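The structure under discussion appears below in the form of structure tokens.
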Amino acid sequence: MELRHLRYFIAVAEELHFGRAAQVLGISQPPLSQQIQALEQEIGARLFERTNRRVELSEAGRLFLAEARLVLAQVDKAADVARRAQLGQLGELKIGFTSSAPFNSSIPQAIFAFRQAFPAVHLALQEMSSKEVAEALVDESVQVGIMRPLPLPESLVAVELFREPLVAIIRADHPLAVGSEEGLQLSALAAEPFVFFPRSYGSGLYAQLINLAREAGFSPLITQEAGEPMTIIGLVAAGLGVTVLPASYQRMRIDGVVYRTLLDAEANTAVWLVQRRDQHSPMAKAFVELLTKQAVAL
């Protein structure tokens with residue numbers, strides 16, 4: 001039995017006339033009659049009651065009609081699913097992102113725009129360090145990554161979504177908090193203990209802090225480490241030191257700290273959209289295209 005047999009049968013069942021059904025199908029009547037007879041022989045049941053004056057569905061034909069329509073509807077659905085998947089409109093997209101990414105408004109707004117454009121695509125979002133994002137892209141456990149700059153292997157390619165200033169975060173009662181509302185130089189923190197990510201965490205910001213401090217003429221004394229930005233800011237509020245983080249963290253209203261823009265020339269950080277060079281996923285390509293456009297627009 002082939003799908004065309006079902007289509008032939010449905011056409012005759014709807015027209016209840018072999019001649020009209022043949023016209024609808026765009027074939028001649030004799031082959032249509034032969035195909036219906038072959039279908040009846042294969043099924044082992046008479047689907048139509050034929051007389052010289054009329055054609056009617058048999059009881060078996062009436063029941064078979066309902067099932068045949070379901071089969072063709074399912075086939076059409078399967079074809080539609082395949083087409084939409086090919087266009088990146090259906091399926092699951094796995095995204096790894098660094099914890100600081102959602103604090104910039106362009107990222108959640110762009111993700112929301114993607115969900116509006118592709119509501120049938122399930123976004124599986126996983127928070128990681130920048131180092132873990134790169135590793136997950138290499139082993140293909142995620143398809144797209146949003147991360148801070150790090151050296152990348154040849155198999156990955158990055159697009160810069162945006163840059164933002166770095167800010168110093170200090171206790172509100174710290175002497176440097178007074179008179180620095182317009183910003184301060186990183187060198188002003190040279191004698192301060194720092195609260196920061198561990199070197200092994202792979203945040204993408206560790207190397208940048210070290211390089212900026214070197215340019216400012218000192219090596220930061222990191223006396224307390226934490227893997228989560230909120231924890232770092234909380235430890236600053238507790239008086240355990242100062243820190244430097246992207247400006248988007250100013251949206252976090254934590255009592256007892258102030259944010260001061262760093263005035264050093266290179267005191268800014270980027271957010272990258274990263275994928276594999278051999279990316280084949282239409283969903284990933286659609287996400288990258290839309291997120292890049294959205295970030296530029298914002």
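The values are calculated or read from the model by the stated rules, or taken from the named source; none is laboratory data. As the structure is a computational prediction, the values presented were derived from the model and not from experiment. Cβ coordinates were reconstructed from backbone atoms using ideal geometry, including for glycine residues, and neighbour counts include every protein chain displayed.
Structure notes:
- Residues being among the aliphatic types (A, V, I, L, M), within 23 Å of ARG199 (Cα to Cα) and assigned to a loop (DSSP other than H, G, I, E, B) - total across the range 141-159: 2
- Residue selection: GLU266 satisfies the criterion of being of a type in the set (Asp, Glu), without any contact (Cβ under 8 Å) to a residue 60 or more places away in the chain and either part of a loop (DSSP other than H, G, I, E, B) or touching a Ser or Thr at 6+ places or on another chain (Cβ under 6 Å) (or both).
- Selection of the range 48-73 for residues being without any contact (Cβ under 8 Å) to a residue 12 or more places away in the chain and assigned to a loop (DSSP other than H, G, I, E, B) yields THR51, ASN52, ARG53.
- Total residues in the range 144-170, condition out of contact with any Phe, Trp or Tyr (no Cβ under 8 Å at 6 or more places or on another chain) and within 16 Å of GLN275 (Cβ to Cβ): 7
- Flag set for VAL258, criterion: of a type in the set (A, V, I, L, M), more than 27 Å from VAL142 (Cα to Cα), in a strand (DSSP E or B) and modelled with pLDDT of 90 or more.
- Leading residue by the ranking (nearest to the chain's Cα centre (by Cα)) among those in the range 236-252 that are closer than 17 Å to LEU176 by Cβ and assigned to a helix (DSSP H, G or I): GLN250
- Members of the range 216-233 that are modelled with pLDDT of 95 or more and of a type in the set (Gly, Ala, Ser): ALA216, GLY217, SER219
- Subset tally (residues that are more than 14 Å from HIS280 (Cα to Cα) and assigned to a loop (DSSP other than H, G, I, E, B)) for the range 122-140: 2
- Conditions (1) in a helix (DSSP H, G or I); (2) touching a residue at least 12 places away in the same chain (Cβ under 8 Å); (3) farther than 27 Å from SER106 by Cα; (4) β-branched (Val, Ile, Thr); number of the one not met by THR223: (1)
- Qualifying residue in the range 160-180 (condition: hydrophobic (A, V, I, L, M, F, W, C), part of a helix (DSSP H, G or I) and not assigned by TED's automatic domain parsing to the domain that holds ILE107): yes
- Of all residues in the range 10-31 being of a type in the set (A, V, I, L, M, F, W, C) and assigned to a loop (DSSP other than H, G, I, E, B), the one that is nearest to ALA66 (Cα to Cα): LEU16
- Within the range 277-286, the only residue that satisfies the criterion of being in contact with a strand residue (DSSP E or B) (Cβ under 6 Å, 6 or more places away or on another chain) and either at pLDDT below 85 or assigned to a strand (DSSP E or B) (or both) is MET283.
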